[in-house]
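Bear in mind these aren't lab numbers, they're just calculated from the coordinates by the rules spelled out. The model shown is predicted, which means the values in this text are computed figures rather than measured ones. FYI the Cβ positions are ideal-geometry reconstructions off the backbone, even for glycines, and counts take in every protein chain you see.
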Amino acid sequence: VKVKQACSVKFQGPKSIPDHWDPSALPDPGFKKITLSSSSDEYQKVWNLFNRTLPFYFVQKIERVQNLALWEVYQWQKGQMQKRNGGKVVDERQLFHGTSANFVDAICQQNFDWRVCGLHGTSYGKGSSFARD
């Protein structure tokens, strides 16, 4: 008796992306920068955080980086932290990083890497530095 099993795989899209991401702008591999509308909640949230400590600066635009590979790594790492924390929710924060325009695409593609951090990247020692707000 010969038995033949059929197996079908149905593409269901990315495992899990944030609700506010544009699913049509998920290059694989790579990233896409989405310019946010100044009237959107997402724009206002980021603008308010930035404006708290730098109120006299003019924000020209705010872009969301959509990089599915980095998002999945982030989610995995977050899961690992939750496991080490006894399953408790991990405290996430919005952080800001200043850099030269020359390095933006490399960061969006590959994430932060202190080994290629530019002119002032090791001012505070080895690593990437961020500001809370």
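A few notes on this one:
- The range 32-116: radius of gyration and largest Cα-Cα distance (Dmax), Å: 15.2, 43
- Of the residues PHE103, PHE50, SER39, the one whose Cα sits farthest towards the positive end of the charge dipole of the range 32-116 is PHE50 (charges of +1 on Lys and Arg Cβ, -1 on Asp and Glu Cβ, taken about the Cα centre).
- Debye, to nearest 20: dipole size of the range 32-116, +1 on Lys, Arg Cβ, -1 on Asp, Glu Cβ: 220
- With both labels modelled 7 Å from their Cα along Cα-to-Cβ, the VAL73 to THR35 distance reads 2.8 nm.
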